[in-house]
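One structure is given here, and the rest of the page talks about it.
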Ligand code: F6R
């Protein structure tokens, strides 16, 4: 999950490449590099650390060239270092790569026998040596095809050639790759976001395709080298301008945007006049779906788990959830009457994409719930339900989580009325309640002083636990994940009722424990479990709602009261304080909030 960029132009390209690399940093940020062709030579500059380090280095040497490629790295093979940073170059060819070459060791041994000398520990370096080897006796397209055929694994590549100094070659298998069209210049990038400041005209490469980009034209080829035509897509203007504005971090902005993203999403799907959920061309009828399976990774998996609770509550369908990286390698029994739902913000997550492809191979019904509508998962699913959140840049997912839950909830409600599993009046009421959700989320967001001071305790904690039952259990998992990834604090999310089966042993004096217990059907049970951790010395932060006026225990350390709503909708509200808790705790610890260590936004490798 690295980021790649390529530009060929009639003006110098290094500053535009740097600009795009900054946009791509959410994909990887341990090292960065650029190669350009100038005066008949490939010039390469690489640095350990962020793009701003690379920028400083480049400002000292004045990197010229009208054609170039750039890369931000998230290390897979070989630790972060200047040598392992991309591009990887021989004298004649330079390559940037996103993905993993699984047979790189075999290829490297073969190439070493042929006299090739390697500098880095990366899998990528074999690509540039293979290209150089084939280039000795082949034309360009043959060289590309032979090289790609030798590679096992996933890749998006950007390649420049000293001896053909007017072209960038792009190639894709598994990892995403976009091509952009500009005035007297053309581009290659890992995603449209990297190209948005330069163009709104984009084409996406499909698996197996490659392209040859010149500043005045772009040619596309299939895996056999046959020329193909591709559709040019026009990106909308609100997708083009997404900046931090007055916010210190994208994450803070994205948390604050949630009332409006919720509203947008509801406006897209809910016909308020007829009080109806509109799934526009949903391709299956009620006889064709007997069960659903929700699949995702990380935060997206948590929204799938939330879906399980809603589907079980509101429909009579069998429901199952799966983590994509597990699903893709298990011996699954594919069912014709099951709807397989893939949830992903980026739509590019390698494991989720592989799980989707597996389902496609087995010819079952696939639907995706995604944010990036041009993504691979969206393009390859039978049916797509976008979450309409706009770009999410902070590595920790916030508004996309709420968006995913919302679309899952809408889908669940719609299926439930189609199947007649819910009474019309209940359905109508639930839709009307959804109309209030955006305001409730807004009120919850505004309440942050208490969380700021609570985060002081969390910032000093060695570990913490997040407990919930029923609808609050997936939120406990999500709250713990946010704290882990942003504040680097060990955090366990647990079903509150499971504590006594082992994890209770972890509780020690002063350990902060978050208990999520709005006044729903599970409230009393959760409160009993809370007493058990308090009795063992935990400092409990109870997350409940405003209508709970009877103090349930004198020994609760802190109580945060969210707005009161109907049971189904509490997950949208209880999530907010947990997002903020992670944010403020990370802020206190001085962490890089939008780019937590060791992570990247779009996980396009296994
Ligand atoms: C955590 C987070 C990740 C992603 C996961 C899946 O805050 O963002 O756990 O949810 O990597 O990513 P998508 O949704 O793009 O498939």
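No lab work stands behind these numbers, since they all come straight from the coordinates. Worth saying up front: this structure is predicted, and the values here are computed from it rather than measured. FYI the Cβ positions are ideal-geometry reconstructions off the backbone, even for glycines, and counts take in every protein chain you see.
Binning at 5 angstrom from zero up to the longest distance, how are the C-alpha pair distances of segment 123-214 distributed in percent?
Reading upward from the zero bin: 2, 14, 24, 24, 19, 11, 5, 1.
Under the definition of Cα pairs under 8 Å and six or more residues apart, what whole-number percent is the relative contact order of segment 1-98? Walk me through the numbers before you get to the answer.
Details: 237 pairs, mean separation 36.0, N = 98.
Here the relative contact order equals 37 percent.
How far apart, in nm, are the 7 Å Cα→Cβ label points at residue 152 and residue 363?
Each label point lies 7 Å from its Cα, and together they span 2.9 nm.
Hey, fewest Cβ within 10 Å first, where do 397, 260 land in order?
Details: 397 28, 260 15.
In increasing order of surrounding Cβ atoms, one gets 260, 397.
With contacts defined as alpha carbon pairs under 8 Å and 6 or more residues apart, what's the relative contact order of the chain in percent? Mind dumping the intermediate values first?
Details: 1331 pairs, mean separation 70.9, N = 606.
Reported as a whole number, the value is 12 percent.
Can you tell me how the chain classifies by the Cα gyration tensor, rounded, prolate or oblate, using a/c under 1.5 as the rounded cut?
On the way: a/c = 2.07, a/b = 1.65, b/c = 1.26.
Judged from the Cα gyration tensor, the chain comes out prolate (a/c at least 1.5, a/b above b/c).
Counting each DSSP H run of 4 or more residues in the chain as -39500 (n - 2.57), what helix-only mean residue ellipticity at 222 nm follows after dividing by all residues, to the nearest 500 deg cm²/dmol?
On the way: 19 runs with 221 residues, N = 606.
So the helix-based figure for the chain works out to -11000 deg cm²/dmol.
Percent relative contact order of segment 250-445, based on C-alpha pairs within less than 8 angstrom and at least six residues apart? Before the final figure, lay out each step's value.
Values: 342 pairs, mean separation 56.8, N = 196.
Taking the mean separation of contacting Cα pairs over the length of segment 250-445, I get 29 percent.
Which translational diffusion coefficient, to the nearest whole µm²/s, is obtained for segment 3-234 from the Stokes-Einstein equation, given a Kirkwood hydrodynamic radius over C-alpha pairs, 25 °C and 0.890 mPa s?
Values: Rh = 17.1 Å.
Translational diffusion coefficient: 144 µm²/s.
Using the count of nearby Cβ atoms within 10 Å as a rough guide to exposure, how do 434, 235 rank from fewest to most?
235, 434
Could you please rank 329, 494, placing first whichever residue has the fewest other Cβ atoms within 10 Å of its Cβ?
On the way: 329 11, 494 23.
Least to most surrounded, the residues fall as 329, 494.
Per 5 Å bin, what percent of the C-alpha pairs of segment 400-536 does each bin hold, from zero upward?
2, 9, 14, 17, 19, 15, 10, 7, 4, 2, 0
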